[in-house]
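A.B. asks: Provided herewith is a single structure, encoded as structure tokens, for subsequent inquiry.
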Amino acid sequence: MQESLEAALSEIAQSAVHTTVAGRTDAGVHALGQVVHFDAPAARPALAWTRGVNRFLPPTISVRWARPVPLDFHARFAALGRRYRYCILNRAERSALFADRAAWIARPLAVEAMQEATRLLVGHHDFSAFRAAACQAKHPLRELRELRVTRRGDWVFVDAEANAFLHHMVRNLVGVLLSIGWGDRPPQWAAQVLASRDRKQAGMTAPAEGLYFVAALYPLHFQLPTLDFPDLHTLCAPSC
């Protein structure tokens, strides 16, 4: 995505443009509210940085808004937090409409047990048990401010907010919650995994296609938009 965006921005600027992003996502993960900053090498109208740039982007990428920011803004380091949502279609039949847009879990999930487990994970902790082996973060300490599991019909959503996330952290958290939702483990197991600081204790990494980077959160004085997550369950007809 970043390479395609830089190429499109360079077309509008008629000069090379290099971007800094709020957060990186793995292949197969989706981003709804990715924020990017760059130093514009040329002055252009605001519409040029949105509609103009979109003309040069593939159909899977779209610029929603653009505005000038002060020199002290940084897409990554100025962020106070980040939000993710993991979307699970929990029914026996797969979806054609949401193929590669949500994780399909056919086995029934006990959302109440999953939600009970989330309360053991929220807070400032060492999340070594939930980080990928390839994680390049300097330390595993993160403040998980919110972790919530909700069901809406056939849909199960896992919402997470933290000051920052480790590589694969959300997908590994969801993997633990799935084991609990299936009844393979009790809710208290989540606390045992956390305390172990051992990735091998945490089990599976949830599939990438269910994960959405929803928003980066910035100080209010920057006056940046925050996009809402679409209500996926209302889009899913019985035949999908």
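Derivation of every value follows stated rules applied to the coordinates shown; laboratory data play no part. Just so it is clear, the model here is predicted, and its values are computed rather than measured. Every residue, glycine among them, receives a Cβ derived from its backbone with ideal geometry; neighbour counts consider all protein chains shown.
A.B. asks: Stokes-Einstein diffusion coefficient for the range 95-135 at 37 °C in a medium of 0.692 mPa s, Rh from the Kirkwood formula over Cα pairs: what value in µm²/s? Don't skip to the answer; put the middle values down first.
C.D. replies: Working: Rh = 13.6 Å.
The diffusion coefficient I find is 242 µm²/s.
A.B. asks: Suppose R0 equals 22 Å. What FRET efficiency, 1/(1 + (r/R0)^6) with r the Cβ-Cβ distance, do residue 148 and residue 110 give to the nearest 0.05?
C.D. replies: On the way: r = 15 Å, r/R0 = 0.70.
It comes to 0.90.
A.B. asks: Rounded to the nearest 0.05, what FRET efficiency do residue 96 and residue 7 have when you use their Cβ-Cβ distance and R0 = 45 Å? Each step should come with its number before you reach the end.
C.D. replies: On the way: r = 32 Å, r/R0 = 0.71.
Between residue 96 and residue 7 the formula returns 0.90.
A.B. asks: Per the Debye formula with a single identical scatterer at each Cα and no solvent contribution, what log10 I(q)/I(0) holds for the range 2-77 at q = 0.14, 0.18, 0.20 Å⁻¹?
C.D. replies: Result of the Debye calculation: -0.43, -0.72, -0.90.
A.B. asks: Determine the calculated [θ] at 222 nm for the chain from helices alone, applying -39500 (n - 2.57) to every DSSP H run no shorter than 4 residues and normalising by the residue count; nearest 500 deg cm²/dmol.
C.D. replies: -5500 deg cm²/dmol
A.B. asks: A further question follows. Which three numbers, in whole Å and largest first, are the semi-axes of the equivalent ellipsoid of the range 103-218 derived from its Cα gyration tensor as √(5λ)? Kindly include the intermediate steps, with their values, before the conclusion.
C.D. replies: Details: eigenvalues 87, 53, 36 Å².
Square roots of five times the eigenvalues give 21, 16, 13 Å.
A.B. asks: Let me ask something else about it. Rounded to the nearest whole Å³, what is the per residue volume of the convex hull around the Cα atoms of the chain?
C.D. replies: Numbers: hull volume 31.4 nm³, N = 240.
Cα-based convex hull of the chain, divided per residue, equals 131 Å³.
A.B. asks: Where Lys and Arg each count +1 and Asp and Glu each count -1, what net charge lies around residue 158 among other residues with Cβ under 11 Å from its Cβ?
C.D. replies: With Lys, Arg at +1 and Asp, Glu at -1, the net is +2.
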